[in-house]
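Worksheet: one structure, shown below.
The values are calculated or read from the model by the stated rules, or taken from the named source; none is laboratory data. This is a predicted model, so every value here is computed, not measured. Ideal geometry is used to build each Cβ from the backbone, glycine not excepted, and the neighbour counts take in all protein chains shown.
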Amino acid sequence: MRSGFVTLLCTTLIFVYTSMVTASVDFRFSLGVLDENRKAAFPFSPGFDIKKVALLAESLPSHSWEYGTAAEALLELYNPSISVFGDKPFPVPVYFRSEVKSLDYAASKIVLGDLLGTSPNALSDGAGAVGDPASLGVSAVLLGKTEPQYALGAWSQQEYIVNRAPRWFNGAISQRADVAELWSDWMYMAPPFLAYYAVDCLDEDLLKEAVRQCGLQRQVLQANLSDSTSYKGVWHHIIGPQSYEPGLWSTGNAWSAGGMTRVLATIMKAPSELTNGWLDDAVSTLTFYIKEILDGAIGSPHDDCLLRNYLNDTTTAH
């Protein structure tokens, strides 16, 4: 179960720190320029040594989804202006890997595989997962500006996801390559990459599909709870025939809310010619979906003011 490392990484780095960093500062410095001993390495202090957390995020991963999540966290932490939370992330900027800590890290983890769009393993071995290698997709797009093989890898990754991967009955793209099965984890891996790739390629249809997938996944994964339930709005972990796990996993809900937040930021920063006529509705819809999850998490029974591993599980020790 993807819990300890992801909770630390996703919750601490992405939700806590990004909300502070996105205020203003253009924080562009390279590995060669960054003073590793500099105490004031970041423009804001979250109240703990964020640098030590970042070092753990680099050293602990051993799977494709961990590499991609760590790379995204490092990008938002060290170079927030390049991320979709920056003021002007598009057109996608051109940087050499040596200039951006996240890209240097991602390049060391990406293992280019199938480049024909026929399997999910274009950027890494996903161990049968459709979405996990896609977590490296944003890094691949950025790396591809100076190293074309990564651009080809990004193309192949999205080609498989959109045109080859299994789908649920409603059209939601599967997290697994061998069977149609929906995981909340997928929401942080694939839709943000598809949206980012779409803007880079000026592909309005693909950008709309990234947004549409958020709604299709929600149709299946959102728990069917009564209006009186305090945590109404949260999502199940896995719905499908192979790894069915309907628990209201807190990290899975963080995956979903975090992924949709990145898609939301992407469409809001995309060139207007890609979003004319539909941006306002998409922003409203995604904001509603995200708020549902946050409200549900806040309304769940807490454990000493903390969210439980499974939001409604009041019997298991945490």
- Message: Among the residues of the stretch 86-96, are any small (Gly, Ala, Ser), modelled with pLDDT of 95 or more, crowded, with 16+ Cβ neighbours inside 10 Å and out of contact with any strand residue (DSSP E or B) (no Cβ under 7 Å at 6 or more places or on another chain)?
- Response: yes
- When the stretch 46-73 is examined, which residues are found to be in a helix (DSSP H, G or I) and free of Cβ contacts under 8 Å to residues at least 40 places away in the same chain? 50, 51, 52, 55, 59
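Conditions tested, residue by residue: (1) hydroxyl-bearing (Ser, Thr, Tyr); (2) over 25 Å from residue 70 (Cβ atoms).
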site	(1), (2)
252	no, no
258	no, no
265	no, no
283	no, yes
286	no, no
300	yes, yes
- Are there any pairs with C-beta distances below 9 angstrom linking a residue in the stretch 230-249 that is surrounded by fewer than 20 Cβ atoms within 10 Å (Cβ to Cβ) to a residue that is among the hydroxyl-bearing types (Ser, Thr, Tyr) and assigned to a loop (DSSP other than H, G, I, E, B), with the two at least 6 apart or on different chains, and if so which? 230/300; 231/300; 232/226; 240/174
- Query: How many residues are in contact with a Gly (Cβ under 9 Å, 6 or more places away or on another chain) and among the basic types (Lys, Arg) when one looks only at the stretch 154-187?
  - Reply: 2
- Item | Residues of the stretch 92-114 satisfying the condition of being under 21 Å from the mean Cα position of the chain (by Cα) and either assigned to a helix (DSSP H, G or I) or in contact (Cβ under 8 Å) with a residue 60 or more places away in the chain (or both) | 92, 97, 100, 101, 102, 103, 104, 105, 106, 107, 108, 109
- With criteria (1) under 30 Å from residue 242 (Cα atoms); (2) buried (at least 24 other Cβ atoms within 10 Å of the Cβ); (3) in contact with a Lys or Arg (Cβ under 8 Å, 6 or more places away or on another chain), residue 143 comes up short on (1)
- Item | Per-region count, the stretch 109-130, residues within 23 Å of residue 182 (Cα to Cα) and either surrounded by fewer than 17 Cβ atoms within 10 Å (Cβ to Cβ) or of a type in the set (Gly, Ala, Ser) (or both) | 10
- Query: Would the stretch 213-220 turn up any residue that is in contact with a Gly (Cβ under 9 Å, 6 or more places away or on another chain) and touching a residue at least 60 places away in the same chain (Cβ under 8 Å)?
  - Reply: yes
- Quick count over the stretch 264-318, residues being within 25 Å of residue 197 (Cα to Cα) and either among the acidic types (Asp, Glu) or assigned to a loop (DSSP other than H, G, I, E, B) (or both), is 8
- Note on the structure: Of 64, 83, the only residue that is closer than 21 Å to residue 159 by Cβ and of a type in the set (S, T, N, Q) is 64
